[in-house]
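Have a look at the structure below before the remarks.
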């Protein structure tokens, strides 16, 4: 296994454990499986989506710094540009997470935590290839094209 792939798996694994743990704790103990109401703006957020957003708020910055400084150390892209690209990929990951969670929990009626775990499998695969080939592409990879 290439060192970069190992680092991605280790860092991503850590961040995934943090994400799923925060999801479980938020869903079961903070939101107590109840919808979150915002009466001023007439908005109701389902507890699994609210829990997903809590995890995202914590794991987004952790994921960026681990990717930048541990996984993809050799890169041709400046930090500010990387952050913009990273945010773009993460935005797509947000959309995928939201869509899969809605599908699995609200359409298929699966339990939220296993749904989050399955969703994570799909999103991690998308994220790795996107981050490797877009956000943190190195000079070495560009010269191979």
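The values are calculated or read from the model by the stated rules, or taken from the named source; none is laboratory data. If you're wondering where the values come from, they're calculated on a predicted model, not measured in any experiment. Glycine gets a Cβ as well: all are built from the backbone with ideal geometry, and neighbour counts include every protein chain shown.
Is one or more of the residues making up the range 48-61 at pLDDT 85 or above, exposed (fewer than 14 other Cβ atoms within 10 Å of the Cβ), over 13 Å from the mean Cα position of the chain (by Cα) and in a helix (DSSP H, G or I)? Within the range 48-61 (the criterion being at pLDDT 85 or above, exposed (fewer than 14 other Cβ atoms within 10 Å of the Cβ), over 13 Å from the mean Cα position of the chain (by Cα) and in a helix (DSSP H, G or I)), the answer is no, since none of the residues qualifies. The number of residues in the range 76-87 that are surrounded by fewer than 19 Cβ atoms within 10 Å (Cβ to Cβ) and more than 12 Å from the chain's Cα centre (by Cα) comes to 8. Taking the range 5-47 as the range and being more than 20 Å from residue 98 (Cβ to Cβ), at pLDDT 95 or above and crowded, with 18+ Cβ neighbours inside 10 Å as the test, no residue passes. Restricted to the range 89-125, and to residues that are more than 18 Å from residue 34 (Cα to Cα) and in contact (Cβ under 8 Å) with a residue 40 or more places away in the chain, which residue is surrounded by the fewest Cβ atoms within 10 Å (Cβ to Cβ)? If we take residues in the range 89-125 being more than 18 Å from residue 34 (Cα to Cα) and in contact (Cβ under 8 Å) with a residue 40 or more places away in the chain, then 117 is surrounded by the fewest Cβ atoms within 10 Å (Cβ to Cβ).
Just wondering, is there one or more residues in the range 97-105 that are at pLDDT 95 or above, in a helix (DSSP H, G or I) and closer than 16 Å to residue 19 by Cα? Yes, the range 97-105 contains a residue that is at pLDDT 95 or above, in a helix (DSSP H, G or I) and closer than 16 Å to residue 19 by Cα. For residue 69, are the conditions met, namely being part of a helix (DSSP H, G or I), over 17 Å from residue 129 (Cβ atoms), at pLDDT 95 or above and over 16 Å from the mean Cα position of the chain (by Cα)? Taking the combined requirement at face value, the residue does not satisfy it. Cβ-Cβ contacts under 6 Å between residues 6 or more apart (or on different chains), taken from a first residue in the range 30-58 that is at positive phi to a second residue that is part of a helix (DSSP H, G or I), are listed as 33/47. Under the condition of being part of a helix (DSSP H, G or I) and touching a strand residue (DSSP E or B) at 6+ places or on another chain (Cβ under 8 Å), the residues counted in the range 1-47 number 1.
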